[in-house]
Amino acid sequence: MDARRKAPADTSPSWPEDIFEILRRFDVRQVAYVPDAGHSQLIERVLAEPSMRAVPLTTEEEGIALLAGAWTGGQRGVLLMQSSGVGNCINMFSLTQIFRFPFLTLVTMRGEWGEFNPWQVPMGSTTPAVLELSGIKVLRASHPGEVREVVEAAAGQAYNACTASAVLLSQRLIGAKVFVK
């Protein structure tokens with residue numbers, strides 16, 4: 001290789017790896033998810049980890065019941081979803097209050113920073129309020145440098161204090177999607 005030519009820098013974000021390490025440290029065994037580009041690196045890490053079980057869902061509310069069952073069976077879990085999926089979960093969020101099990105969800109946001117799809121905007125703009133009205137503590141990460149600290153705080157709340165907690169991973173952090181014909 002020519003000494004003047006540098007190898008391309010790794011441009012993949014490191015924050016998905018930070019999240020993965022936090023989930024391992026908190027002994028999370030079940031990771032429920034609806035496939036989502038914003039969570040794709042984290043999902044790939046979970047799929048490769050023998051101590052974790054990745055559970056693909058057909059709809060997000062299934063994940064809440066799955067996590068309640070995981071807790072009953074002695075395992076911790078996390079629900080990965082996009083902000084549009086929060087609307088699908090409103091009735092099931094009551095389980096987190098009634099059964100007071102540790103609930104952690106990581107929500108990739110749509111409908112904000114540079115959104116091209118008008119259908120994503122209504123749920124994206126109401127996601128924090130929907131979660132809060134459902135009794136879920138909401139934290140937000142908008143920059144890569146704060147993801148570790150925010151997810152760590154939410155995981156501590158969820159798993160140590162049996163508090164329903166959500167981390168909103170802003171669209172600015174994950175990157176705005178673009179429409180391509």
- Task: Would you mind finding the longest exposed-site-free stretch of the chain, with exposed chymotrypsin sites (Phe, Trp or Tyr not before Pro) meaning DSSP loop and at most 14 other Cβ atoms within 10 Å?
- Result: 1-98
- Dividing the alpha-carbon Rg of region 122-167 by 2.2 N^0.38 Å yields what? 1.19
- Task: Give me the percent of the accessible area of the chain that comes from carbon and sulfur atoms, probe 1.4 Å, all protein chains in place.
- Result: 55 percent
- Approximate spin-label separation Ala161-Thr59, in nm, with each point projected 7 Å along Cα-to-Cβ: 3.2 nm
- For the chain, calculated [θ]222 nm from helices alone, where every DSSP H run of n ≥ 4 adds -39500 (n - 2.57): -12000 deg cm²/dmol
- Note, Tyr159: beta-carbon cut-off 14 Å, +1 each Lys/Arg, -1 each Asp/Glu, net +4
- Query: If you build the Cα gyration tensor of the chain and take the root of 5 times each eigenvalue, what three semi-axes come out, in whole angstrom, biggest first?
  - Reply: 27, 21, 14
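The values are calculated or read from the model by the stated rules, or taken from the named source; none is laboratory data. All figures in this text were calculated on a predicted structure; none of them were measured in a lab. Neighbour counts run over all protein chains shown; Cβ positions are idealised from the backbone, glycine included. The area values use the complete protein model at the heavy-atom level, side chains included, leaving out ligands, DNA and RNA. Shrake-Rupley method; radii C 1.70, N 1.55, O 1.52, S 1.80 Å.
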